[in-house]
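J.: Below are the structure tokens for one structure; questions will follow.
The values are calculated or read from the model by the stated rules, or taken from the named source; none is laboratory data. Because the structure is predicted, anything quoted here is derived from the model rather than measured. Heads up, the Cβs are rebuilt from the backbone with ideal geometry, glycines too, and the neighbour counts pull from every protein chain shown.
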Amino acid sequence: MNKRIQLDESSEGFQAIKKEWQERAHKMTIPELPSFLTELTEKYSHDYGTICHAVAVAAIAAAWAVEHSPQGGITGFQAGAIMWEFIRGWNYSYNKTGLRLIDYDNFLYPQYAGEYDKVISPDIWDGIQKEASRQIEEADQKHKKYLADMEQYKKDIAAFVEKYPDYYERCKHYDPLSIGNGEQWKAEEEKKASGFEFAPQPPYEPVNSDSPVYKHWQSIVNGIIPFGYRVEES
């Protein structure tokens, strides 16, 4: 097996490689795509940054390959729709109320002033209010469960301390590992395999009515538009 080429995002050499990837991606065809993806993943040894460029250019290449197929030939409007499909599918699949992309290059041209006005449409505002209401309802349910879980935890930890009186002096020994290195996680797995009895853990406290986030949600439900925005039809 050939030795992989080690990439360094900060090097000048990588910038040239990235430019070549982009140029090839924009000319990609379906038959060429598999070998291009193989090259990205097997020819190079990536660092923390270069793998991000490789994944991105792989997606761009695949899109252009389909565009260059007999069923390609999309319009600019379709290209915009595809971009939002990718953004949602890759990084914002959880989004419920809408997204907005700002092109700051247009700050250079006065005719685009309206694009930077702090305005949202009525349907977006309605979606935000509905989501805030849903978040409040979910938070109330979680907090109710948290209170019940906390009462159970108090009983469980009291029983555990009665069984292991040195718990508070050696809590790190009894508590499950949350953050650690490879050796520490290996030791943790060995403890689990041996049947070691870990101490019960307190439940995670969710957002509740006293938190700033909850109060912010409530103000939205009450009709207060945040961050200096106003609602208008675009």
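J.: If you check Ile124, Ile136, Ile179, which single one turns out to be out of contact with any His (no Cβ under 8 Å at 6 or more places or on another chain), β-branched (Val, Ile, Thr), at negative phi and part of a loop (DSSP other than H, G, I, E, B)?
T.: Answer to the selection: Ile179.
J.: Here's a check for you: in the stretch 28-46, which residue that is touching a strand residue (DSSP E or B) at 6+ places or on another chain (Cβ under 9 Å) and surrounded by 14 or more Cβ atoms within 10 Å (Cβ to Cβ) is nearest to His68 (Cα to Cα)?
T.: Tyr44
J.: Quick one: how many residues across the stretch 15-35 are in contact with a helix residue (DSSP H, G or I) (Cβ under 6 Å, 6 or more places away or on another chain), farther than 18 Å from Phe86 by Cβ and part of a helix (DSSP H, G or I)?
T.: Residues in the stretch 15-35 being in contact with a helix residue (DSSP H, G or I) (Cβ under 6 Å, 6 or more places away or on another chain), farther than 18 Å from Phe86 by Cβ and part of a helix (DSSP H, G or I): 1 in total.
J.: Do we have any residue at all in the stretch 4-27 that's surrounded by 11 or more Cβ atoms within 10 Å (Cβ to Cβ), under 24 Å from Asn91 (Cα atoms) and aliphatic (A, V, I, L, M)?
T.: There is at least one residue in the stretch 4-27 that is surrounded by 11 or more Cβ atoms within 10 Å (Cβ to Cβ), under 24 Å from Asn91 (Cα atoms) and aliphatic (A, V, I, L, M).
J.: Moving to a separate point now. Taking the stretch 114-132 as the search range and keeping residues that are touching a residue at least 12 places away in the same chain (Cβ under 8 Å) and over 12 Å from Lys96 (Cβ atoms), which one is surrounded by the most Cβ atoms within 10 Å (Cβ to Cβ)?
T.: Checked the stretch 114-132; the qualifying residue surrounded by the most Cβ atoms within 10 Å (Cβ to Cβ) is Ile120.
J.: Can you find, within the stretch 71-98, the residue that is nearest to the chain's Cα centre (by Cα) among those that are part of a loop (DSSP other than H, G, I, E, B) and surrounded by 11 or more Cβ atoms within 10 Å (Cβ to Cβ)?
T.: Tyr92
J.: So which residues in the stretch 182-215 are over 27 Å from Lys155 (Cα atoms) and either touching a residue at least 60 places away in the same chain (Cβ under 8 Å) or not assigned by TED's automatic domain parsing to the domain that holds Tyr164 (or both)?
T.: Matches in the stretch 182-215: Tyr214 only.
J.: Test of understanding: among Ala158, Ala139, Ala193, Ala199, which residue is among the small types (Gly, Ala, Ser), within 29 Å of the chain's Cα centre (by Cα) and either within 30 Å of Tyr116 (Cβ to Cβ) or modelled with pLDDT of 95 or more (or both)? Can you show your working first?
T.: Details: Ala158 fails: within 29 Å of the chain's Cα centre (by Cα); Ala193 fails: within 29 Å of the chain's Cα centre (by Cα); Ala199 fails: within 29 Å of the chain's Cα centre (by Cα).
From the options Ala158, Ala139, Ala193, Ala199, the qualifying one is Ala139.
J.: Scan Lys172, Lys186, Lys145 and give me the residue that is out of contact with any Leu (no Cβ under 7 Å at 6 or more places or on another chain), assigned to a helix (DSSP H, G or I), under 30 Å from Asn95 (Cβ atoms) and among the basic types (Lys, Arg).
T.: Just one listed residue meets the conditions, Lys145.
J.: Another one. Out of all the residues in the stretch 192-214, is one or more assigned to a loop (DSSP other than H, G, I, E, B) and at positive phi?
T.: Among the residues of the stretch 192-214, at least one is assigned to a loop (DSSP other than H, G, I, E, B) and at positive phi, which makes the answer yes.
J.: Could you tell me which of the residues Asp166, Asp149, Asp103 is closer than 30 Å to Ala199 by Cα, acidic (Asp, Glu) and touching a helix residue (DSSP H, G or I) at 6+ places or on another chain (Cβ under 9 Å)?
T.: Matching residue, one of Asp166, Asp149, Asp103: Asp166.
Quick grid of which residues meet (1) exposed (fewer than 10 other Cβ atoms within 10 Å of the Cβ); (2) in contact with a Cys (Cβ under 7 Å, 6 or more places away or on another chain); (3) among the acidic types (Asp, Glu); (4) farther than 30 Å from Glu115 by Cβ:
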| position | (1), (2), (3), (4) |
| --- | --- |
| Cys171 | no, no, no, yes |
| Gln184 | no, no, no, yes |
| Glu189 | no, no, yes, yes |
| Pro203 | no, no, no, yes |
| Ser211 | no, no, no, yes |
| Trp217 | no, no, no, no |
| Asn222 | yes, no, no, no |
| Tyr229 | no, no, no, no |
